[in-house]
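For reference, the structure discussed in these notes is given below.
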Amino acid sequence: MAGEQAVGSRDERTVSASRLAGEPVERQSGGNMKRILLHVCCGPCSTEVIDRLAAGNCALVVFFYNPNIFPKEEYERRMEEAERFAAGRNIRFIKGDRDHDKWLEAVEGLEHEPEGGKRCMACFAFRLGEAAMMARREGAEAFTTTLTISPHKNATDVNFAGEEAGKKESVPFISEDFKKKNGFLKSCRAAREAKMYRQDYCGCEFSMTLRRPLHRPRDHPPHH
Ligand code: SF4
């Protein structure tokens, strides 16, 4: 959720992932790996982001927090795939609560917004607000999210929500657009290799009418 008060400057709190992906990480943390909490939305989107951050000398803990996903069976399926990938990389996986009623309250009045509109902004803020709290509880040095890897998500909106959540909890948010450098295509290939389930709608019940056909050219975006 959007924080109302800024704590420190934007530059103090926002860490560029492209910086983290290079050598500065070791320098910043005195040779130690930087401890990052990664909010993941689903298994397929987590693949490339996890591997990119891990290559940048980041020690990751994965947090699955997506009470927006409807119905529950779909939620379980997405979570299982994300957990399976994290386990394969030997990364700790934290399961958030699926309080869908609480999420519905957060988007109340925005049900008829188009995908990419105000409901999605509230949804990003809701999920990243919890991720920021978990990052603080876990003692993470920073946190970020897989959400920007989706070609259907505006990175500016996601990063705004992450930065505001980070301000509220005083944990730096890594502002990034993981779809860049063929991020999304790489995640599609990795998911296919891992034989992962891939959803064909964003997640909430309001997005189900926008299901994207799974019969598509290779690597063409279905969803996420
Ligand atoms: S369409 Fe996706 S991002 Fe938007 S509110 Fe629904 S689940 Fe959240």
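The values are calculated or read from the model by the stated rules, or taken from the named source; none is laboratory data. Just so we're clear, the structure is a prediction, and the values are computed from it rather than from any experiment. Cβ: placed from backbone, ideal geometry, glycine included. Neighbour counts: every protein chain shown.
Residue check, D219 against (1) of a type in the set (D, E, K, R); (2) modelled with pLDDT under 95; (3) within 14 Å of the ligand (Cβ to nearest atom), all met but one. Which one?
Unmet condition: (3).
Which condition number in (1) at pLDDT 95 or above; (2) surrounded by 18 or more Cβ atoms within 10 Å (Cβ to Cβ); (3) within 13 Å of the ligand (Cβ to nearest atom) is the one that H224 fails?
(1)
So in the range 122-160, with the set limited to residues that are among the basic types (K, R) and buried (at least 17 other Cβ atoms within 10 Å of the Cβ), which one is farthest from R78 (Cα to Cα)?
The residue in question is K153.
Step by step: first the residues of the range 131-150, then only those that are within 13 Å of the chain's Cα centre (by Cα) and either charged (D, E, K, R) or within 16 Å of the ligand (Cβ to nearest atom) (or both), then the one that is nearest to I94 (Cα to Cα). Which residue is that?
Restricting to residues being within 13 Å of the chain's Cα centre (by Cα) and either charged (D, E, K, R) or within 16 Å of the ligand (Cβ to nearest atom) (or both), the top hit is A131.
Can you tell me which residue within the range 106-121, out of those that are loosely packed, with under 12 Cβ neighbours inside 10 Å and of a type in the set (D, E), is nearest to the ligand (Cβ to nearest atom)?
First pass over the range 106-121, keeping only residues loosely packed, with under 12 Cβ neighbours inside 10 Å: 108-109, 111-112, 114.
Remaining after also requiring of a type in the set (D, E): 108, 111.
Values: E108: 12, E111: 9 Å.
Step by step, filter the range 106-121, then rank; the result is E111.
Being of a type in the set (D, E, K, R), part of a helix (DSSP H, G or I) and in contact with a helix residue (DSSP H, G or I) (Cβ under 7 Å, 6 or more places away or on another chain) is the filter here, so list the residues in the range 120-162 that pass it.
Those that are of a type in the set (D, E, K, R), part of a helix (DSSP H, G or I) and in contact with a helix residue (DSSP H, G or I) (Cβ under 7 Å, 6 or more places away or on another chain): R136, D157.
Restricting to the range 85-110, name every residue that is assigned to a helix (DSSP H, G or I) and in contact with a Leu (Cβ under 9 Å, 6 or more places away or on another chain).
A86, the sole residue that qualifies.
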